[in-house]
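What follows is one structure encoded as structure tokens, with my remarks underneath.
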Amino acid sequence: MINLRHYFVFFRPFVYLCSKNYQVKHKTMYAKYIKREIPDLNGTGRTQAYYQMELTPKSYEEFVSQCAREGHMEESHILAVMSLVSEKLALCMAEGFSVKLDGIGTFNAKLGVRSDMLQDAFEPGEPSHNAKSIGVTGVAYRADKDLIRSTRHKCVLERGGVSRIKKSKFTLEERIEKARDFLQKNMFMRVPDYMRLTGLSRTTASQELRKLALNPSTGITSRGQRSQKYYVLR
């Protein structure tokens with residue numbers, strides 16, 4: 001793991017602005033939370049609830065302008081810092097480093113098989129992918145504890161709305177038949193495919209597919225693990 005603290009040497013005012021020691025007095029802004037219904041994951045017959053913040057987009061330009069205004073700095077200076085950090089962060093992750101930014105979090109690249117290729121396995125006789133078949137599929141981020149603590153301290157919540165589970169207009173038998181028809185025409189099926197076929201939410205579709213794969217009578221089984229999991233005919 002490397003720390004990019006030395007990249008900020010020439011930009012101490014901006015570092016101070018972004019640190020937990022800098023506070024700007026402003027009116028209290030309330031964030032709304034949503035009570036969201038999720039499927040019964042434990043077989044109790046009851047759905048469960050979890051809480052999610054109702055997000056409002058803030059553009060890159062708005063964020064930079066706010067930092068400049070509240071930190072009494074030129075926007076060009078802040079843009080220079082953010083551009084440098086973005087460039088060096090990508091370079092370090094591409095070279096295999098896990099990068100820690102104090103007060104922000106830790107970043108590292110995620111690898112996976114290209115979306116147009118099937119996940120390989122350790123089974124004898126199965127082909128193995130080479131470097132050309134594997135690439136960066138995303139960036140893993142783990143928030144710094146100070147950032148979480150500071151966000152918790154500043155956050156004031158008020159109730160927003162309620163989100164219920166999206167029901168499918170098809171019966172379970174009809175959904176299974178649609179899945180089998182899809183697999184007759186395609187080599188494999190992933191969760192987003194099943195969502196489009198049935199109208200289920202991602203959580204419900206994923207949970208239902210796992211159950212179908214465990215039941216031999218459906219004619220459907222699974223391959224791969226976690227994010228690389230896909231479904232085929234038995």
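The values are calculated or read from the model by the stated rules, or taken from the named source; none is laboratory data. Remember, it's a predicted structure, so these values are computed and weren't measured experimentally. Heads up, the Cβs are rebuilt from the backbone with ideal geometry, glycines too, and the neighbour counts pull from every protein chain shown. Areas reflect the complete protein model, heavy atoms only, side chains present, ligands, DNA and RNA absent. Shrake-Rupley method; radii C 1.70, N 1.55, O 1.52, S 1.80 Å.
Observations on the model:
- Here Tyr230 passes the criteria (1) of a type in the set (Phe, Trp, Tyr); (2) within 25 Å of Glu37 (Cβ to Cβ); (3) touching a strand residue (DSSP E or B) at 6+ places or on another chain (Cβ under 6 Å) except the one numbered (2).
- Where Ile165 falls short, out of the listed (1) within 27 Å of Thr56 (Cβ to Cβ); (2) modelled with pLDDT of 95 or more; (3) not small (Gly, Ala, Ser): (2)
- Selected residue (only one of Lys32, Lys58 is in a loop (DSSP other than H, G, I, E, B), within 24 Å of the chain's Cα centre (by Cα), at pLDDT 85 or above and basic (Lys, Arg)): Lys58
- Subset of the range 165-191 (residues that are loosely packed, with under 11 Cβ neighbours inside 10 Å and either of a type outside the set (S, T, N, Q) or in contact (Cβ under 8 Å) with a residue 60 or more places away in the chain (or both)): Lys167, Lys169, Glu173, Lys185, Met187
- Filtering Val99, Val81, Val85 for residues that are touching a helix residue (DSSP H, G or I) at 6+ places or on another chain (Cβ under 6 Å), open to solvent by less than 50 Å² (accessible area, probe 1.4 Å), under 19 Å from Met1 (Cα atoms) and of a type in the set (Val, Ile, Thr) leaves a single hit, Val99.
- Gly199 vs. criteria on the phi > 0 side of the Ramachandran plot and either crowded, with 17+ Cβ neighbours inside 10 Å or modelled with pLDDT of 90 or more (or both): no
- Residue selected from the range 102-129 under the condition among the hydrophobic types (A, V, I, L, M, F, W, C) and either at pLDDT 65 or above or surrounded by 14 or more Cβ atoms within 10 Å (Cβ to Cβ) (or both), by the criterion farthest from Arg190 (Cα to Cα): Ile104
- Every residue from the range 130-148 that is of a type in the set (D, E, K, R) and open to solvent by less than 80 Å² (accessible area, probe 1.4 Å): Asp144, Asp146
- Enumeration of residues in the range 211-234 that are charged (D, E, K, R) and surrounded by 14 or more Cβ atoms within 10 Å (Cβ to Cβ): Arg223, Lys229
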